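Contents: one structure, followed by commentary.
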Amino acid sequence: MASVFEYAPAPESRSVVDIAPSYGLFIDGEFTDAADGKVFKTVSPSSEEVLAEVAQAGAADVDRAVKAARKAFEKWSALPGSERAKYLFRIARIIQERSRELAVLETLDNGKPIKETRDADLPLVAAHFFYYAGWADKLDHAGYGANPRPLGVAGQVIPWNFPLLMLAWKIAPALATGNTVVLKPAETTPLSALFFADICRQAGLPKGVVNILTGYGDAGAALVEHPDVNKVAFTGSTAVGKKIARHVAGTDKKVTLELGGKGANIVFDDAPVDQAVEGIVTGIFFNQGQVCCAGSRLLVQESIHDELLHSLKRRLSTLRLGDPLDKNTDIGAINSAEQLARITALADTGEAEGAERWSPACELPSSGYWFAPTLFTNVTQAHIVARDEIFGPVLSVLTFRTPDEAVAKANNSQYGLSAGIWTEKGSRILAVANKLRAGVVWANTFNKFDPTSPFGGYKESGFGREGGRHGLEAYLDV
Amino acid sequence: MPTTLTAFADVTTSDSALRRFLHGLPGVDAVGLEARAASLGTRSIKTTAKAYAIDLAISMIDLTTLEGADTPGKVRALSAKAVNPDPTDRTTPMTAAVCVYPDMVATAKAALNGADVKVASVATAFPAGRAALPVKLADTRDAVAAGADEIDMVIDRGAFLAGRYLDTYELIKSVKEACVRPDGSAARLKVIFETGELSTYDNIRRASWIGMLAGADFIKTSTGKVGVNATPANTLLMLEAVRDFKEQTGIQIGVKPAGGIRTTKDAIKFLVLVNETVGEDWLSNHWFRFGASSLLNDLLMQRQKLSTGRYSGPDYVTVD
């Protein structure tokens with residue numbers, strides 16, 4: 001891809017973030033070691049460089065954190081909403097002020113491009129806190145009757161794809177409604193949650209209102225199963241989600257699950273083609289496709305299939321893969337060796353099933369976890385790559401002939417999280433959107449997020465809604 | 001690859017055929033188009049890439065003066081600057097052209113004295129285009145006869161907006177014929193759509209196709225005389241049009257955003273659009289131009305900054 005106009009490296013400075021060699025758990029307003037002294041390392045997926053050593057929470061730490069949250073709950077929930085709002089507004093402003101630092105940190109720990117952490121993750125994180133800060137003193141008007149009550153202690157387990165944003169989705173509504181939280185970030189991306197703990201201290205948030213436990217799945221399970229947790233919120237894989245659902249069955253814990261997806265991006269023959277191509281790219285290659293609502297199934301009307309694929313391939317050839325800290329990078333690293341192995345295996349399955357594989361010419365860095373943007377054509381509903389969530393930069397292309405067929409194929413999935421419709425015909429957008437079994441339907445755009453809009457899935461994509469007024473319900477005793 | 005318009009021969013046979021063709025082009029989603037242009041605007045062009053882009057941008061400028069108050073002295077000063085933009089640094093590239101009114105073509109031509117800077121002349125009752133066809137053609141022939149290498153014509157926006165697409169097409173064809181010199185060579189024709197007056201992106205795409213089908217050598221956004229001139233979004237859209245046209249006909253057509261591009265930062269954003277939409281085939285002043293006047297001095301100051309490491313200031317570039 002050598003061009004006469006070769007962009008010189010434009011790396012964002014790493015010096016804006018100061019990562020300590022080791023971090024403790026954040027319990028009751030203090031950083032402490034794990035009870036059994038265990039630690040684990042977090043690496044930068046783009047280089048495999050060790051960034052820091054982090055305390056590994058066990059059951060005893062979970063118990064300590066839940067007790068701290070319980071103790072803090074009484075006072076926190078008794079505060080007037082306007083007082084809780086002040087803390088949330090303060091947190092939102094600190095996030096804005098420290099956004100460059102947090103963006104660099106997130107890019108280092110997660111592997112996603114700085115362009116995304118700077119222009120998507122961080123602005124959305126701050127927006128989420130601002131939005132729910134606004135609700136804190138208006139809960140009487142949220143549609144759940146007068147003076148709706150919080151649930152108590154929320155146990156929250158979040159994934160590694162949008163570490164700080166998923167934290168915001170969980171913590172902002174929980175605090176606004178008067179709950180206290182114990183949150184476990186993913187083991188591959190613990191750092192931004194620990195920086196958030198520091199922000200809580202900076203904002204003067206009362207001790208124990210927010211507790212952060214870094215660790216593995218066993219800590220997450222201990223948190224979810226802790227008898228004194230009143231609310232479980234989980235974002236992650238459908239397999240773990242099912243385990244959680246089985247556990248909470250028969251308890252009085254309230255639960256919301258935001259799980260996998262296999263979003264259909266439907267392109268009709270009257271679509272705005274150039275913008276549809278951009279939307280397809282955003283749909284599947286944003287965050288290396290490690291997005292639960294990714295548009296990983298492209299359903300394209302047969303009459304424009306060849307033309308659209310030609311344009312799509314041309315566009316993919318311009319994607320810039322490489323150093324996530326470079327401001328011109330479009331495609332960063334895969335989050336972990338484990339995820340890379342999963343993507344690789346599923347892509348190989350696609351090939352073995354007879355789908356046609358294509359990637360643009362693209363050199364992968366020699367260290368770190370990388371996967372080239374990949375298209376599969378000649379895919380049918382029977383292929384694994386059309387059914388299973390790959391959670392990587394892999395797009396399966398299917399065709400349809402009529403709007404009814406598009407809807408039938410889009411809905412023919414165990415998931416139902418997101419979908420996209422591309423057409424210049426407004427009436428078709430409305431007609432098709434009404435028939436799609438997906439929690440989010442984007443029209444002539446994809447992967448657009450806003451704190452005012454509820455988000456969540458149908459079927460095995462989970463239940464409950466996060467964001468918007470609807471997101472309050474998950475944290476209220478209603 | 002074919003290099004012929006035969007595939008499109010039937011679309012210009014009648015007003016209704018042309019209308020059906022233009023209205024059959026894919027629509028443009030305004031939000032998506034602007035988002036894409038904005039996202040390319042975040043590219044960070046530094047050091048060697050910046051130096052390359054600045055020199056390329058300078059070499060792509062149609063250094064323009066289109067004022068009622070233009071005098072031979074002003075045009076001579078502008079021409080001297082086009083040939084030698086930075087008297088303190090002779091490695092600075094020349095601009096692509098000077099762009100003047102038809103009556104100033106001879107003055108510019110003489111002042112350039114054979115230097116490799118083209119003379120572009122606006123014509124066809126620029127900027128409004130409100131004159132009878134014979135007047136527009138005479139205006140064009142006059143500029144060509146005076147030595148213009150390039151003609152920047154305006155389309156009849158009134159005809160276009162009234163849906164008289166074939167009239168718009170025929171006008172461009174006629175002007176194209178008027179660009180032919182007695183020896184058979186021809187001035188290159190830039191067709192200005194005045195995108196600010198066409199108002200919708202769908203209209204800009206349709207106008208682009210009319211221009212390309214009618215034989216434009218360049219399609220150009222604006223006159224610089226209305227409120228909205230070149231924007232990243234309308235330029236991106238026109239780049240997509242010339243890209244699609246080349247894929248379908250083999251014929252390459254240039255693009256010229258004009259008006260409102262004043263800073264190095266802006267110019268580099270446009271070059272990024274070119275680079276990532278149509279690629280290096282268009283990265284020369286034969287295929288891409290900036291219609292601008294004040295842009296040049298900002299490019300020169302940035303160029304001085306890169307070579308000396310310090311900002312100079314407006315007193316270190318020439319005011320013409």
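Below are the figures for this structure:
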{"item": "Spin-label zone in the range A:63-78 - amide nitrogen under 19 Å from a point set 7 Å from the Cα of residue A:251 along the C-beta vector", "result": "A:63-73"}
{"item": "Likely footprinting exposure, A:132, A:216, fewest C-beta neighbours within 10 Å first", "result": "A:216, A:132"}
{"item": "Shielding by partners, peptide B:40-46 (average Cβ within 10 angstrom, other chains)", "result": "5"}
{"item": "Sorted by Cβ neighbour density within 10 Å, fewest at the top, the residues A:293, A:362, B:179", "result": "A:362, B:179, A:293"}
{"item": "DSSP beta bridge pairing in the range B:6-311, given as percent antiparallel to the nearest 5", "result": "5"}
{"item": "Amide hydrogen neighbours beyond the local backbone of residue A:210, cut-off 5 Å, H modeled", "result": "A:181"}
{"item": "Mean ellipticity per residue at 222 nm, deg cm²/dmol - from DSSP H runs of n ≥ 4 across chain B, formula -39500 (n - 2.57)", "result": "-14500 deg cm²/dmol"}
{"item": "Distance histogram in 20 Å bins (all Cα pairs of chain B, percent per bin)", "result": "34, 58, 8"}
{"item": "Projected area averaged over orientations for chain A, convex hull of C-alpha atoms, nm²", "result": "21.7"}
{"item": "Long-range tail of P(r) for the range A:199-262 (Cα pairs > 21 Å, %)", "result": "34"}
{"item": "All lysines inside 20 Å of residue B:46 as judged from Cα atoms, apart from same-chain residues fewer than 8 positions distant", "result": "A:115, A:327, B:265, B:269, B:305"}
{"item": "Charge dipole of the range A:264-367 about the Cα centre (unit charges at C-beta), most positive-ward option of A:334, A:347, A:296", "result": "A:334"}
{"item": "Shielding by partners, peptide B:242-254 (average Cβ within 10 angstrom, other chains)", "result": "1"}
{"item": "GNM top mover of B:90, B:243, B:206 - chain B, alpha-carbon springs below 10 Å", "result": "B:90"}
{"item": "The protein assembly as shown, dipole about Cα centre (Lys/Arg Cβ +1, Asp/Glu Cβ -1), debye to the nearest 20", "result": "1220"}
{"item": "Per-residue average of Cβ from other chains inside 10 Å of A:7-17", "result": "3"}
{"item": "Column: log10 I(q)/I(0), Debye, Cα scatterers of the range A:264-443, q = 0.16, 0.17 Å⁻¹", "result": "-0.93, -1.05"}
{"item": "Rotationally averaged projected area of the range B:26-185 (alpha carbon convex hull; nm²)", "result": "13.0"}
{"item": "Length-normalised contact order of the range A:91-211 in % [C-alpha pairs under 8 Å, at least 6 apart]", "result": "28"}
{"item": "Relative contact order [Cα under 8 Å, 6+ residues apart], the range B:62-114, whole percent", "result": "47"}
{"item": "Whole-number percent relative contact order across chain A, with pairs defined as alpha carbons under 8 Å at least 6 apart", "result": "18"}
{"item": "For chain B, built as a Gaussian network whose Cα springs stay under 10 Å, the top-fluctuating residue of B:172, B:251, B:58", "result": "B:251"}
{"item": "Using a Förster distance of 25 Å, the FRET efficiency for residue A:401-residue A:314 (Cβ separation, nearest 0.05)", "result": "0.50"}
{"item": "Most to least packed among B:210-217, A:414-421 [average Cβ atoms within 10 Å]", "result": "A:414-421, B:210-217"}
{"item": "Distance between the range B:1-43 and the range A:119-160 - C-alpha centres, whole angstrom", "result": "45"}
{"item": "Fraction of alpha-carbon pairs over 17 Å apart in the range A:92-138 - percent", "result": "34"}
{"item": "In nm, spacing of pseudo-spin labels at residue B:125 and residue A:430 (7 Å Cα→C-beta vector)", "result": "4.4"}
{"item": "Value at 222 nm in deg cm²/dmol, rounded to 500, when DSSP H runs of n ≥ 4 in chain A each add -39,500 (n - 2.57)", "result": "-11500 deg cm²/dmol"}
{"item": "Proximal lysines to residue B:176, defined as alpha-carbon separation beneath 22 angstrom and excluding residues fewer than eight positions away on the same chain", "result": "B:109, B:118, B:136, B:190, B:220, B:246, B:256"}
{"item": "Distant-in-sequence amide H partners of residue A:443 (H built 1.01 Å from N, under 5 Å)", "result": "A:421"}
{"item": "Over 20 Å (Cα to Cα) - which of A:170/A:262; A:243/A:448; A:86/A:138; A:112/A:459 fall in this group", "result": "A:170/A:262; A:243/A:448; A:112/A:459"}
{"item": "DSSP bridge pairs, the protein assembly as shown: antiparallel proportion in percent, nearest 5", "result": "25"}
{"item": "Leading residue at positive end of dipole, chain B (Cβ point charges), from B:203, B:134, B:91", "result": "B:91"}
{"item": "Measure of compaction for the range A:289-357 (Cα Rg per 2.2 N^0.38 Å)", "result": "1.33"}
{"item": "For peptides A:13-20, A:37-44, B:72-79, sequence by mean Cβ density within 10 Å, most packed first", "result": "B:72-79, A:37-44, A:13-20"}
{"item": "Size of electric dipole in chain B: Cβ of Lys, Arg +1 and of Asp, Glu -1, about Cα centre, debye, nearest 20", "result": "460"}
{"item": "Order of A:128, A:226, A:141, A:247 under a 10 Å beta carbon neighbour criterion, fewest first", "result": "A:141, A:247, A:226, A:128"}
{"item": "Amide N of the range B:240-272 lying under 15 Å from the label point, which is placed 7 angstrom from the Cα of residue B:4 along Cα→Cβ", "result": "B:248-251"}
{"item": "Pairwise Cα inverse-distance average, inverted: Kirkwood Rh of the protein assembly as shown (Å)", "result": "28.9"}
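Coordinate-derived values only; no laboratory data. Since we're looking at a predicted model, the values are computed, not measured. As a convention, Cβ positions derive from the backbone with ideal geometry for all residues, glycine included, and neighbour counts pool all protein chains shown.
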